[in-house]
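Worksheet: the structure to be examined is printed underneath.
Since every read-out is calculated from the coordinates, none of them should be taken as a lab result. Since the structure is predicted, the reported quantities are computational estimates derived from the model, not experimental observations. Glycine also receives a Cβ, built like all others from the backbone with ideal geometry; neighbour counts cover every protein chain displayed.
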Protein chains: 2
Amino acid sequence: MTQTSLDNLKKIYLKNQKEAIQDFFTFLKYESISTEPSYKPQVLACAKWLSGYIKQMGFQTETWETKGHPVIFGSWSKAGPDKPTLLIYNHYDVQPVDPLDEWKSPPFEPTIRNGEIFARGAQDNKGQCFYVLQALKILFEKEGRLPINVKLVIEGEEEAGSAGLASILPSKKMELKADYLAIVDLGIRTPTKPALTLGIRGIVTMDVEVQGSKTDLHSGSHGGIAYNPIHALVEILSKLRDASGKIAIPGFYDDVAELSKAERKELSLDFDPKQYEEMFGGKPTGGEKSFNPLERNWLRPSVEVNGISGGYAGAGFKTVIPAKAHAKVSLRLVPNQDPQKSARLVANFLEKNAPDGVSVKVTVHPGGGKPVHAKASSKVVKAFAEAFKEVYKTPCEFILEGASIPIVTELALASQSEVILLGIGLPDDLIHAPNEHFGVDRLEKGSLVISRSIELLGDYA
Amino acid sequence: MTQTSLDNLKKIYLKNQKEAIQDFFTFLKYESISTEPSYKPQVLACAKWLSGYIKQMGFQTETWETKGHPVIFGSWSKAGPDKPTLLIYNHYDVQPVDPLDEWKSPPFEPTIRNGEIFARGAQDNKGQCFYVLQALKILFEKEGRLPINVKLVIEGEEEAGSAGLASILPSKKMELKADYLAIVDLGIRTPTKPALTLGIRGIVTMDVEVQGSKTDLHSGSHGGIAYNPIHALVEILSKLRDASGKIAIPGFYDDVAELSKAERKELSLDFDPKQYEEMFGGKPTGGEKSFNPLERNWLRPSVEVNGISGGYAGAGFKTVIPAKAHAKVSLRLVPNQDPQKSARLVANFLEKNAPDGVSVKVTVHPGGGKPVHAKASSKVVKAFAEAFKEVYKTPCEFILEGASIPIVTELALASQSEVILLGIGLPDDLIHAPNEHFGVDRLEKGSLVISRSIELLGDYA
């Protein structure tokens, strides 16, 4: 019976596959980079196309305007009030593409090589959004209806901090109300082993500006006199962590919740440093030396300098002492750390450590995300775990994720739903980097996992 | 008699002033940025114009091709073998112009505001080159000839390290042979107080590359696992200097020659920190705390990070752990430090301090400049000091310069001449920075100092 259900779903998927990939390529071609204001028209065009696509599937659609990019909302409620409602979250915006010259094929011209689709957003998150839509198409084609009520919320600012969606959530509680919330923006650790993600880290970001003189200075005439703001910047940033990799800011770990032994046992914390090095070309030597790499990424907060700039960094050489130097810093947080409180600790530390002769100004960005940990006992976890097991023919493991989806906590609260995080991204998909890719085979697997999960949620009801 | 000579020179200058400024603007409009390969055609066009200008004045000219940009050489030897030969050095190339949006008028459209000419190269070194040429024009107009033999060497790669000129010097010893060499690329400390520069620091530059993983990584999925190369970079750079501002590399000061008390007394080492702060908006807190600011700039070596880059530094935010991070580092050296030896010490120190998990590669650039200190007792020093005194109506002081002209040592050796360094740049001319400028009044003063110095060198012969 189960196998039959899955087989039926697969048959329909394969029948439609060619058209689906064509549609996916259309979706990928939109240059929907949310963090760069100049791409606004392309982001809007992508939102419009997406809304039309969902409407054609049979959903009622709404476009929620925000101060930033619009949110696409879709709703199908004809399963009736006796059936549960599943809210599914995705995003249609993507990361910037630089360094552009490292892409083997242009980031917005999707190209298949060795069964992988290469494009910005191929995985994060257009790929994962698209197999959700295909899953719903399959179910509509199979029965002419869905077994439960389904809502879709697809935002356009995830890569920019989700401020737009966050700001309208209080006014959209009615529309969003659901029993379960599935955040489909995550990954599994190997291609053959399915996993459900029970938690993500929180995030908060900030800009650091160091100012010395009022204009750039000649480094010969002023070297030894002026305090170079690049020197000041490297000095204060190097103080963020001690020699053991621990964050060296007083009080930073005060709110960190330790997991119980039982909770820790539920997780698959095994890690192969050799495999990591082969995959990424770098050793897993970052973070606190006293924890294993997965503990450091899942259960411990981390601080990263995501960008640094100052002076002349182009071809040739410019003997300058710049007036200013800049850095972009992010924190990843674990329960029960508060994003703004943690960021202020870091900002105060950096500002306080400014050497005499330069000023340090840290701007903490609003819209940080709180860490989230889900419970392993709910129906929604069971349904997705069972669907994964059927599709992958092996039991589903429970993992955590070091990355952050800032909007998760807010969305769970606004929709009053139980939250589950999942996805079939892989660690080497190169999301946020040149040559991002997603497997053609995973479009199929994702469509089957989602459609089968929805069937099982209908069965459980 | 002296006053009459100067008056005569001034009368001729003023008669020609309008045309001179027009010619100067033509010179400034050439975008002769030597460090950026894409500007090659503009550099060549500038060289061609300059050569024609000098030829028209009555000089025999040669264009010396190099692997980089050409050197313009001019010679007028009709004063005869009994008269001395003065070789004057300038350069026609300029620094890059970024950040472009901080220029109040475009860098290659010279604009006069409040008696100052704003343009890239207005001072460094087109302005100082141009008043040399005007001085010669005045002398030709006054007597139809020059009182001594004069040679001009004007290169096009000073801002890029002078590799081209350096490489052809061994084959041009005959042409360059002179009694005196005047390097006209320097400055004085206040507008009313003339000065001759008895020494400059040496320089050597290098590129630092830190590599972690083979591609950029997501800072959520890898934060706490991967060693961020930006972290490694700020950590190793922050180790270059200790808390007292001293360079913390073992052996770095071993070769530094201390000045004798007599030599130190000859120099004007007074320094006003308040004035410095008002002028540049930053405190003079860089370098070794145990020396006063001018000692630190003139008599002590310094290390500066001139550029740093890594990750995403544009608008918005990108949560990336980059594969690589870069820095550009320069050293300023004093007698008897050797550029390549000093650079290797720094390079080895940075490479040796690479944290486990990242690799650090330092590329030391060839073509560094050795430090130079001139003697205060030669005829050429006396002639220029006297001319300065006549034009500025106050005695000339002897100073040093923290900046470097890498070619100076090589040129002095090749031409077998006694070297003097001078110029009328001012500390707030914003050379190498946006809004570089040079006073219209200084075009006149410079022309008079140079022409009068040449007359005096003729009188002394």
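Spin-label pair residue A:461-residue B:48: with each label point 7 Å from Cα along the Cα-Cβ axis, the two points sit 7.9 nm from one another.
Net charge dipole, chain A: roughly 520 debye, given to the nearest 20, about the Cα centre with Cβ charges of +1 for Lys and Arg and -1 for Asp and Glu. Close amide H partners of residue A:150, meaning residues 5 or more places away or on another chain with modelled amide H under 5 Å apart, are A:76, A:86. Run a plain Debye calculation on the protein assembly as shown (Cα atoms as equal point scatterers, no solvent) and give log10 I(q)/I(0) at q = 0.06, 0.07, 0.09, 0.10 Å⁻¹, rounded to two decimals, same order as the q list. Here the Debye-derived log intensity ratios amount to -0.52, -0.66, -0.90, -1.02.
Relative to the longest principal axis of chain A, what angle (0 to 90°, nearest 10) does the C-alpha long axis of helix A:379-392 take? Helix A:379-392 and the main axis of chain A meet at about 80 degrees. Label-point spacing at residue A:101 relative to the other copies reads 2.4 nm, in ascending order, each point sitting 7 Å out from Cα along Cα→Cβ. Residues B:432, A:326, ranked from the fewest to the most other C-beta atoms within 10 Å, line up as A:326, B:432. Restricting the GluC sites (Glu not before Pro) of segment B:47-154 to loop positions (DSSP other than H, G, I, E, B) with no more than 13 neighbouring Cβ atoms within 10 Å leaves B:65.
Sorted from closest to farthest, the other copies place their residue B:338 label points 6.1 nm away, with each point set 7 Å from Cα along Cα→Cβ. So if R0 is 25 Å, what FRET efficiency would residue A:109 and residue A:17 give, r being the distance between their Cβ atoms, rounded to the nearest 0.05? It comes to 0.75. Centre-to-centre, using Cα atoms only, segment A:349-405 and segment B:423-438 are separated by 51 Å.
Could you give the angle, 0 to 90 degrees to the nearest 10, between helix B:40-57's Cα long axis and the longest principal axis of the Cα atoms of chain B? Its long axis makes an angle of about 10 degrees.
Computed from Cα positions, the angle between helix B:2-29 and the longest principal axis of chain B comes to roughly 50 degrees. In straight-distance terms, cross-link reach from residue A:246 covers every one of the lysines whose alpha-carbon lies under 16 Å from its own, apart from those fewer than eight places away in the same chain; here that gives A:289.
What the phi angles of segment A:146-158 give under the Karplus curve with 6.51, -1.76 and 1.60, with θ = phi - 60°, is a coupling list of 9, x, 9, 7, 10, 10, 10, 10, 10, 9, x, 9, 4 Hz, glycine and proline written as x. Shortest first, residue A:352 label-point distances to identical copies amount to 3.4 nm, with the label point at 7 Å from Cα along Cα→Cβ.
Between amide H atoms placed 1.01 Å from N, distances below 5 Å from residue A:416 occur with no residue 5 or more places distant or on a separate chain. The largest-to-smallest principal axis extents of the Cα set in segment A:216-279 are 63, 36, 19 Å. Among the lysines of segment A:128-203, pairs that are 8 or more positions apart or on different chains and have alpha carbons within less than 17 Å of each other number 4. For chain B, averaging the sequence separation of C-alpha pairs within contact (under 8 Å, six or more residues apart) and dividing by the residue count gives a relative contact order of 26 percent. Mean residue ellipticity, 222 nm, helices only, the protein assembly as shown: the sum of -39500 (n - 2.57) across DSSP H runs of n ≥ 4, divided by residue count and rounded to 500, is -11000 deg cm²/dmol.
Scanning residues 5 or more positions from residue A:117 or on other chains, those with amide H under 5 Å from its amide H are A:438, A:439, A:440, with H placed 1.01 Å from N in the peptide plane.
Taking every residue in B:328-334 and counting other chain Cβ atoms within 10 Å of its Cβ, the average works out to 4.
If you take the Cα centroid of segment A:172-242 and the Cα centroid of segment B:30-53, the two points sit 42 Å apart.
Counting Cβ atoms of other protein chains within 10 Å of each Cβ in B:206-215 and taking the mean gives 3. Computed from label points 7 Å out along Cα-Cβ, the spacing between residue A:268 and residue B:428 is 6.7 nm. The convex hull built on the alpha-carbon positions of segment A:290-333 has an orientation-averaged projected area of 5.0 nm².
For the residues of A:432-444, the average number of beta carbons from a partner chain within 10 Å of their own beta carbon is 2. Length available on full extension from residue A:278 to residue A:356: 0.36 nm per residue minus the Cα-Cα distance, which gives 23.6 nm. Here the Karplus curve 6.51 cos²θ - 1.76 cosθ + 1.60, taken at θ = phi - 60°, turns the phi angles of segment A:227-244 into couplings of 8, 5, x, 5, 4, 4, 5, 5, 5, 6, 5, 5, 7, 4, 10, 8, 5, 8 Hz, with x standing for Gly and Pro. Partners of residue A:361 within straight-line reach, counting aspartates and glutamates whose Cα lies under 12 Å from its Cα and excluding those fewer than 8 residues away in the same chain: A:207, A:209, A:351.
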